[in-house]
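First comes the structure, then the notes that go with it.
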Amino acid sequence: DTAVSQTPKYLVTQMGNDKSIKCEQNLGHDTMYWYKQDSKKFLKIMFSYNNKELIINETVPNRFSPKSPDKAHLNLHINSLELGDSAVYFCASSQLAGGGTQYFGPGTRLTVL
Amino acid sequence: AQRVTQPEKLLSVFKGAPVELKCNYSYSGSPELFWYVQYSRQRLQLLLRHISRESIKGFTADLNKGETSFHLKKPFAQEEDSAMYYCALKDGTGFQKLVFGTGTRLLVSP
């Protein structure tokens, strides 16, 4: 199946821990994104990478560090997790020259206890 | 700054009734607007985009630059339309950054 996939689907962890979420797309897109959806369903972009280079970096705490080993993968590492980090994190991808349609992953529900 | 406003958190209608989900935007340039939909337990997916001027699943949306609106409409709602709907604006930086509204939950009752 061609798609955007994320692992894990659910992540429950204690405050202070470090965790990673992985994202992979096999759509051949050159741009990938991380979005955060809070408890009120508000969606906000966090980061975007184009061909492994960071192109969008919103005002996100530096505990959040994205890493793109290649243009098909964009991982999100979170240090020293806080209660307020609990949310659903969505990965997305698009072709920069392709007109803007973003394809989303299924989301990772992070719960910090 | 770019902003997308969806004034209704919840819109509840009966099956067969017309639906209009409101979206207003604030953007100084030439906007490119989208509607995304998230069905229960599914991923966010594109419903339609204004430059395509298409109708998907019976939904249409017209960009009104005078009123800075991009309302989503369907003449006869179906139960399977129940979902979360997000209006989004793509800024003009070339990086395809999407600014989302807060979303409207559409509930279609039988």
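The values are calculated or read from the model by the stated rules, or taken from the named source; none is laboratory data. All of these numbers come straight from a predicted model, not from anything done at the bench. Cβ atoms come from the backbone with ideal geometry, glycine included; neighbour counts cover every protein chain shown. Protein only, heavy atoms only, side chains kept; ligands, DNA and RNA dropped before computing areas. Shrake-Rupley method; radii C 1.70, N 1.55, O 1.52, S 1.80 Å.
Please identify the pairs in which a residue from segment B:1-26 that is open to solvent by 40 Å² or more (accessible area, probe 1.4 Å) and in a strand (DSSP E or B) has its Cβ atom under 6 Å from the Cβ atom of a residue that is at pLDDT 95 or above and basic (Lys, Arg), counting only partners at least 6 apart or on another chain.
Once the first residue is open to solvent by 40 Å² or more (accessible area, probe 1.4 Å) and in a strand (DSSP E or B) and sits in segment B:1-26, its partners that are at pLDDT 95 or above and basic (Lys, Arg) give B:Leu10/B:Arg105; B:Glu20/B:Lys73.
Select the strands (runs of 3 or more DSSP E) contained entirely in segment B:39-110, then report the ones holding at least 3 residues which are open to solvent by less than 50 Å² (accessible area, probe 1.4 Å) and touching a strand residue (DSSP E or B) at 6+ places or on another chain (Cβ under 9 Å). Please lay out each step first, then the result.
Values: elements: B:45-49, B:72-74, B:83-90, B:98-100, B:104-109.
Where strands (runs of 3 or more DSSP E) fall fully within segment B:39-110 and carry at least 3 residues being open to solvent by less than 50 Å² (accessible area, probe 1.4 Å) and touching a strand residue (DSSP E or B) at 6+ places or on another chain (Cβ under 9 Å), they are B:45-49, B:83-90, B:98-100, B:104-109.
Any idea which of (1) touching an Asp or Glu at 6+ places or on another chain (Cβ under 9 Å); (2) modelled with pLDDT of 90 or more; (3) facing chain A (nearest Cβ under 8 Å) is the one B:Glu32 doesn't satisfy?
Of (1) touching an Asp or Glu at 6+ places or on another chain (Cβ under 9 Å); (2) modelled with pLDDT of 90 or more; (3) facing chain A (nearest Cβ under 8 Å), only one is false for B:Glu32: (2).
Among the residues of segment A:83-98, is there at least one that is more than 21 Å from B:Tyr86 (Cβ to Cβ), free of Cβ contacts under 8 Å to residues at least 60 places away in the same chain and polar (S, T, N, Q)?
no
For the condition open to solvent by 60 Å² or more (accessible area, probe 1.4 Å) and within 11 Å of chain B (Cβ to nearest Cβ), what is the one hit in A:Lys9, A:Lys19?
On the way: A:Lys19 fails: within 11 Å of chain B (Cβ to nearest Cβ).
Residue meeting the stated conditions: A:Lys9.
Within segment A:86-94, identify whether any single residue is of a type in the set (S, T, N, Q), facing chain B (nearest Cβ under 8 Å) and either open to solvent by 50 Å² or more (accessible area, probe 1.4 Å) or in contact with a Leu (Cβ under 6 Å, 6 or more places away or on another chain) (or both), and answer yes or no. Give the steps one after another, and end with the answer.
Restricting attention to segment A:86-94, the residues satisfying the condition of being of a type in the set (S, T, N, Q) are A:86, A:93-94.
If we keep only those that are facing chain B (nearest Cβ under 8 Å) as well, we get A:94.
Filter once more, so that each one left must be either open to solvent by 50 Å² or more (accessible area, probe 1.4 Å) or in contact with a Leu (Cβ under 6 Å, 6 or more places away or on another chain) (or both): none.
Scanning segment A:86-94, I find no residue that is of a type in the set (S, T, N, Q), facing chain B (nearest Cβ under 8 Å) and either open to solvent by 50 Å² or more (accessible area, probe 1.4 Å) or in contact with a Leu (Cβ under 6 Å, 6 or more places away or on another chain) (or both), so the answer is no.
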